[in-house]
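Report on the following structure.
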Amino acid sequence: MEMPSWKAKELTPGQLSERSGVAVSALHFYEREGLIVSRRTSGNQRRYQRDTLRRVAFIRISQRVGIPLSEIREALGTLPEGRTPNRADWEGLSTGWRRHLDLRIEQLERLRDNLTGCIGCGCLSLEGCALANPHDQLASAGPGARVLEVDFGAGSGEK
């Protein structure tokens, strides 16, 4: 695909995909989710403002560190007039996500350190489960693996 001039103010979905490394289908998904916007030409073709590249990069980096799309959308919604995040915006938003990332790290460390032990699923099929979860006491805490679980909702807006 021919790359647009660096002066081009708009990109086609294919150009944006090639420059960002994100599939066209993902760009369309981001648009449906309200994370990016396009305009339609008279021939009903999508065109993205060039600064959408930075917005897509922001979305991808945020996803890579484990931020859910709902929080990314919320963060982008705090920007004036839906503008693309700049360095100061990224610093502010990423600082706000620090607690969330700390909780993810805690969960991954717990998973690594206890991978061979009981995860509190209630199966009682391992010999160790009778010791770690006698009589399936963890069932009262809810479904799933309770020992390794970290509640990401608690304090997610804290620093």
Potential extension, residue 37-residue 137 segment - 0.36 nm per residue separation minus Cα distance: 31.0 nm
Gain upon complete extension [residue 54, residue 145; 0.36 nm per residue less C-alpha separation]: 29.0 nm
Where the Cα pairs of the range 48-87 fall when distances are cut into 5 Å bins, in %: 6, 24, 34, 27, 9, 1
Rounded accessible area per residue of the range 59-113, 1.4 Å, Å²: 64 Å²
The range 1-103: GluC sites (Glu not before Pro) in DSSP coil with no more than 10 other Cβ atoms inside 10 Å: 2
Low-density loop cleavage sites - trypsin sites (Lys or Arg not before Pro) in the range 69-118, where at most 15 other Cβ are within 10 Å (DSSP): 83
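Rounded, prolate or oblate, given the Cα gyration tensor of the range 37-111, with a/c below 1.5 counting as rounded?
Details: a/c = 3.25, a/b = 2.16, b/c = 1.50.
Note, shape of the range 37-111 comes out prolate.
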Net charge contributed by nearby residues that have their C-beta within less than 14 Å of residue 62 (K/R +1, D/E -1): +2
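The values are calculated or read from the model by the stated rules, or taken from the named source; none is laboratory data. Because the structure is a prediction, the values reported are computed rather than measured. Here Cβ is always computed from backbone atoms with ideal geometry, including for glycine, and neighbour counts include all displayed protein chains. Each accessible area value is taken on the protein alone, full model and side chains, heavy atoms only, with ligands, DNA and RNA left out. Shrake-Rupley method; radii C 1.70, N 1.55, O 1.52, S 1.80 Å.
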